[in-house]
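**Q** Pasting in a structure now, in structure tokens, and then I'll have a few things to ask.
The values are calculated or read from the model by the stated rules, or taken from the named source; none is laboratory data. Note that this is a predicted model, so its numbers are computed, not measured. Here Cβ is always computed from backbone atoms with ideal geometry, including for glycine, and neighbour counts include all displayed protein chains. The accessibility values were calculated without ligands, DNA or RNA, using every heavy atom of the protein model including side chains. Shrake-Rupley method; radii C 1.70, N 1.55, O 1.52, S 1.80 Å.
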Amino acid sequence: MLYACLSPFKQKKEMAVLLGKSFRHITKSRLLQLRMVSLYNHTHGFEEDAVKEKLQQFPGGSVDLSKEDNGIGILTLNNPKFMNAFTGTMMVELQEKVAELENWKNGKGLIVRGAENTFCSGSDLNAVMVLSRPQDGMDMCMFMQNTLTRLMRLPLITVALIQGKALGGGAELTTACDFRLMTPESEVRFVHKQMGLVPGWGGAARLVQILGSSPTLKLLSGATRIDPESALHMGLIEAVLPSSSEAHSLEETCTWLKHYTNGPVEVIQAIKRVVSGGRELHLEAALRTEKEIFGTVWGGPANLQALAQRTKHK
């Protein structure tokens, strides 16, 4: 009887609160499991702890993470002496930083960049030459595919800031981000053919999703150098930044990203999750996932505030 006495707006508000709380309780753990699931485990012959122990035998460089109060994180590959190539310890640190970002409740966006105005030249050749057995290569492949897939599935809007060169595995890393920006005179190049290889960190599969199969085949088989203008024309990047300065390009990228991260944390993260579901799942599964994520924001603070303010769209 009390519910019947409420105004239509208050009825809607009360129902939204009840439904929202119910959906959030049901889906929170399920969505977390989907985001953190690994592509490979022991059933595929992949023993993660043993692989990490082996990778840590190749030290050098670091992967640094800063988290700003505005909800934007900055992930920096820091091995400038070798063009920010991934050492074994850097691969392990990248996984650790991605795990930290998966649990960042206030995060909305992430910038992935390299130190000292260079993005990344791929794998450290010192480690590659030692880990030359086929099984070693497969282990590294599975480890990095797991990590970059988790990076791609983060509930954050991610952008790769490409300064200098993004080569090989570095080029693959850019494809794990939602967006890519390039500075003048930077380049992207999938050089795997010249090393007698194909992409192994998921870069080919993701590049097909971004560009389509024919452009991807041309880039991989030609080991083509992609300058900013070409990358923009083919749709690989969103924009060419006006400055090559490390400080200025980072500031410009932050400004660019803020346009997409303005808003409540729970809404930005929900938007990223529904897009991830739509990208990776079959239609019916994507629709069910979208329904569940919708339930986590229906009746939430941002939804109720918009209702109370009778927000109008201009």
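**Q** Please state which one of PHE119, PHE179 is at pLDDT 95 or above, surrounded by fewer than 21 Cβ atoms within 10 Å (Cβ to Cβ) and among the aromatic types (Phe, Trp, Tyr).
**A** PHE179
**Q** Moving to a separate point now. Collect the residues in the range 210-234 that are assigned to a helix (DSSP H, G or I), loosely packed, with under 14 Cβ neighbours inside 10 Å and not hydroxyl-bearing (Ser, Thr, Tyr), keeping them in residue-number order.
**A** Once the filter is applied, which keeps residues that are assigned to a helix (DSSP H, G or I), loosely packed, with under 14 Cβ neighbours inside 10 Å and not hydroxyl-bearing (Ser, Thr, Tyr), the range 210-234 yields LYS218, GLY222, GLU229, HIS233.
**Q** So, in the range 38-51, how many residues would count as being open to solvent by 70 Å² or more (accessible area, probe 1.4 Å) and modelled with pLDDT under 85?
**A** Number satisfying all stated conditions: 3.
**Q** Give just the number: which of (1) surrounded by 15 or more Cβ atoms within 10 Å (Cβ to Cβ); (2) under 26 Å from GLN209 (Cβ atoms); (3) of a type outside the set (Asp, Glu); (4) free of Cβ contacts under 8 Å to residues at least 60 places away in the same chain does PRO264 not satisfy?
**A** (2)
**Q** Sticking with this one: If I ask for residues that are farther than 22 Å from LEU250 by Cβ, polar (S, T, N, Q) and touching a Phe, Trp or Tyr at 6+ places or on another chain (Cβ under 8 Å), which ones from the range 112-165 would you list?
**A** Listed by number, the residues that qualify are SER123, ASN126, GLN145, ASN146.
**Q** What are the residues in the range 80-98 that are open to solvent by less than 30 Å² (accessible area, probe 1.4 Å) and part of a helix (DSSP H, G or I), if any?
**A** Result: GLY88, THR89, MET90, MET91, VAL92, LEU94, GLN95, VAL98.
**Q** Among what's in the range 122-171 and is in a loop (DSSP other than H, G, I, E, B) and basic (Lys, Arg), pick the residue that is least open to solvent (accessible area, probe 1.4 Å).
**A** ARG153
**Q** Do you know which residues across the range 103-128 are closer than 12 Å to ILE162 by Cβ and of a type outside the set (D, E, K, R)?
**A** Passing the criteria: ILE111, VAL112, GLY114, ASN117, THR118, PHE119, CYS120.
**Q** Restricting attention to the range 67-75, does a residue exist that is open to solvent by less than 20 Å² (accessible area, probe 1.4 Å), within 24 Å of GLY200 (Cα to Cα) and either in contact with an Asp or Glu (Cβ under 9 Å, 6 or more places away or on another chain) or in a loop (DSSP other than H, G, I, E, B) (or both)?
**A** The answer is yes, given that some residue of the range 67-75 is open to solvent by less than 20 Å² (accessible area, probe 1.4 Å), within 24 Å of GLY200 (Cα to Cα) and either in contact with an Asp or Glu (Cβ under 9 Å, 6 or more places away or on another chain) or in a loop (DSSP other than H, G, I, E, B) (or both).
**Q** Can you report the number of residues in the range 180-225 which are in contact (Cβ under 8 Å) with a residue 60 or more places away in the chain and farther than 20 Å from PHE86 by Cα?
**A** Total satisfying the criteria: 4.
**Q** For the range 274-301, give me the residue count where each residue is surrounded by fewer than 16 Cβ atoms within 10 Å (Cβ to Cβ) and over 30 Å from GLN209 (Cβ atoms).
**A** Result for the range 274-301: 1.
**Q** Still on this model: Any idea how many residues of the range 93-117 are of a type in the set (A, V, I, L, M) and over 13 Å from the mean Cα position of the chain (by Cα)?
**A** Residues meeting the conditions: 1.
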